[in-house]
Amino acid sequence: MLKGINPLLNADVLYALRAMGHGDDLIICDTNFPADSIARQTRLGRLLRIDNCTAAEAAAAVLSLYPLDSFVDDAAGRMEIVGNASEVPPVQQEVQAVIDEAEGRSWPMVGIERYAFYERAKQAYCVIQSGERRFYGCFAFRKGVIPPDAG
């Protein structure tokens, strides 16, 4: 346990968050996502886990340390519902609220078609599987920068 760091963030996840650079993608996915097979194709090459929590709880933990990329329009993405791309289910609404809270402003997620999401995930730095059991609890986050201290 470390002071000031969300206890959901285990050593493997903290390592990945620290190792990632500006423009690297991170995937948070639900329990139905083909996480292991896709994670093997990422830069890290293995699956990370934050068990026993929802996607929103995992996203809140990650976004407590991880800045989103303000230089692109797709820094936060959600897997679209097959056959109803415009629907935003409760699991995605919850993560949207987490993003807005973490960034201190409205930061809309873009929808990503299911197979396009799989391809983005394969190109990501890492995949973190949460304990989320609701469908479409899959999200992509692109890392931004932390500016230097003023002075």
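For the residues Leu44, Leu68, Leu26, the requirement of being in contact with a Cys (Cβ under 7 Å, 6 or more places away or on another chain) and closer than 19 Å to Glu103 by Cα singles out Leu26.
Among the residues in segment 3-24, are any of a type in the set (Phe, Trp, Tyr) and under 18 Å from Cys138 (Cβ atoms)? For segment 3-24, residues of a type in the set (Phe, Trp, Tyr) and under 18 Å from Cys138 (Cβ atoms): absent.
The number of residues in segment 52-85 being closer than 21 Å to Pro34 by Cβ, surrounded by fewer than 16 Cβ atoms within 10 Å (Cβ to Cβ) and out of contact with any Leu (no Cβ under 9 Å at 6 or more places or on another chain) comes to 3.
In segment 101-151, the residue that is surrounded by the fewest Cβ atoms within 10 Å (Cβ to Cβ) out of those that are under 20 Å from Leu63 (Cα atoms) and among the basic types (Lys, Arg) is Arg105. Checked against (1) over 23 Å from Asn6 (Cβ atoms); (2) part of a strand (DSSP E or B), Tyr136 meets all criteria but (2). If you check Asp36, Asp30 for being modelled with pLDDT of 95 or more, buried (at least 21 other Cβ atoms within 10 Å of the Cβ) and of a type in the set (D, E, K, R), only one passes: Asp30.
The values are calculated or read from the model by the stated rules, or taken from the named source; none is laboratory data. Since the structure is predicted, the reported quantities are computational estimates derived from the model, not experimental observations. Please note: Cβ atoms are built from the backbone with ideal geometry, for glycine as well, and neighbour counts cover all protein chains shown.
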